[in-house]
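> Please read through the structure below; I'll follow up with questions.
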Amino acid sequence: SVLSGQRDLETLSFVARQLSVGLNEVPARVEKQIQESRQLRKTLQVKNRMLAGLLAKELYAQVQGHEGRRIVKQLFEDEEMEFLKLLAQALVSLGNCVVLLGSGGLQASLLFAQGENLPGDLRQILPACCQLIEGKGGGTRTLVQAGGKNTSQLQQALDLAEQRIMDKSAPGSS
């Protein structure tokens with residue numbers, strides 16, 4: 001028990017040094033750090049939503065419509081899946097479009113979305129794309145996501161998805 005108390009004191013002393021406070025000030029300082037972290041997270045979420053909305057408008061405007069819909073395809077170097085979802089939601093809200101997003105980083109990420117009113121099932125397009133990125137995924141008819149190991153094949157996976165959607169006879173574009 002003495003050994004356990006000694007370890008606790010060492011841990012508390014380490015935390016106090018990291019926070020540049022005395023031992024008795026650690027609990028209050030940790031609570032303050034937690035509150036600041038929560039506030040920063042909320043602020044970041046609001047800014048990410050705003051950024052996604054602005055980027056969605058820009059990407060949507062850059063793409064020509066084809067047969068009453070637009071296909072927005074974008075590969076990012078290293079974006080969080082949460083941001084890709086925000087961007088996809090913002091794009092779909094702008095009009096009839098299919099959204100094909102990818103992101104590299106530590107792992108390959110894919111996110112495909114389309115409006116409820118568009119035909120086709122994105123789940124039918126995903127497996128071939130998952131093979132390219134050596135991953136797996138799933139979702140609904142209008143929103144699918146996947147993660148994999150092979151980031152070098154992300155562009156090919158996006159191109160394949162686009163080709164399958166453009167090809168009327170392919171699954172997912174009925």
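> Assigned to a helix (DSSP H, G or I) and more than 30 Å from Gly148 (Cα to Cα): is that true of Glu82 in this structure?
So Glu82 fails the test.
> Here's a follow-up. All but one of (1) in contact with a Lys or Arg (Cβ under 7 Å, 6 or more places away or on another chain); (2) open to solvent by 100 Å² or more (accessible area, probe 1.4 Å) hold for Met50, so report the exception by its number.
All conditions are met except number (1).
> So, Arg123, is that one outside any loop (DSSP other than H, G, I, E, B) and surrounded by fewer than 19 Cβ atoms within 10 Å (Cβ to Cβ) or not?
It is true that Arg123 is outside any loop (DSSP other than H, G, I, E, B) and surrounded by fewer than 19 Cβ atoms within 10 Å (Cβ to Cβ).
> How many residues does segment 16-26 contain that are surrounded by 11 or more Cβ atoms within 10 Å (Cβ to Cβ) and outside any helix (DSSP H, G or I)?
Here the count works out to 1.
> Another question about this same structure. Does Arg29 satisfy the condition of being surrounded by 15 or more Cβ atoms within 10 Å (Cβ to Cβ) and either over 21 Å from Leu118 (Cβ atoms) or free of Cβ contacts under 8 Å to residues at least 60 places away in the same chain (or both)?
So Arg29 passes the test.
> Does Ser13 meet the test of being surrounded by 12 or more Cβ atoms within 10 Å (Cβ to Cβ), among the polar types (S, T, N, Q) and not in a loop (DSSP other than H, G, I, E, B)?
Here the answer is yes, as Ser13 does meet what is asked.
> Would you mind finding the one in Arg70, Arg38 that is open to solvent by 60 Å² or more (accessible area, probe 1.4 Å) and part of a helix (DSSP H, G or I)?
Of Arg70, Arg38, the one residue that is open to solvent by 60 Å² or more (accessible area, probe 1.4 Å) and part of a helix (DSSP H, G or I) is Arg38.
> Being closer than 16 Å to Glu80 by Cβ and hydrophobic (A, V, I, L, M, F, W, C) is the filter here, so list the residues in segment 39-55 that pass it.
Of everything in segment 39-55, those that are closer than 16 Å to Glu80 by Cβ and hydrophobic (A, V, I, L, M, F, W, C) turn out to be Leu40, Leu44, Val46, Met50, Leu51, Ala52, Leu55.
> Taking segment 41-67, which residues are small (Gly, Ala, Ser) and assigned to a helix (DSSP H, G or I)?
The answer is Ala52, Gly53, Ala56, Ala61.
> Of Val92, Val98, which residue is in contact (Cβ under 8 Å) with a residue 60 or more places away in the chain, surrounded by 22 or more Cβ atoms within 10 Å (Cβ to Cβ), touching a strand residue (DSSP E or B) at 6+ places or on another chain (Cβ under 6 Å) and under 20 Å from Lys57 (Cα atoms)?
When all the criteria are applied, what remains is Val98.
> Just to verify a result, which residue in segment 88-111, among those that are assigned to a loop (DSSP other than H, G, I, E, B) and polar (S, T, N, Q), is nearest to the chain's Cα centre (by Cα)?
If we take residues in segment 88-111 being assigned to a loop (DSSP other than H, G, I, E, B) and polar (S, T, N, Q), then Gln107 is nearest to the chain's Cα centre (by Cα).
> All but one of (1) under 15 Å from the mean Cα position of the chain (by Cα); (2) surrounded by fewer than 16 Cβ atoms within 10 Å (Cβ to Cβ) hold for Gln62; state the number of the condition that does not hold.
With respect to (1) under 15 Å from the mean Cα position of the chain (by Cα); (2) surrounded by fewer than 16 Cβ atoms within 10 Å (Cβ to Cβ), Gln62 is out only on (1).
The values are calculated or read from the model by the stated rules, or taken from the named source; none is laboratory data. None of the values given here were measured: they were computed from a predicted structure. Ideal geometry is used to build each Cβ from the backbone, glycine not excepted, and the neighbour counts take in all protein chains shown. Ligands, DNA and RNA are excluded from the accessible area calculation, which covers all protein heavy atoms including side chains. Shrake-Rupley method; radii C 1.70, N 1.55, O 1.52, S 1.80 Å.
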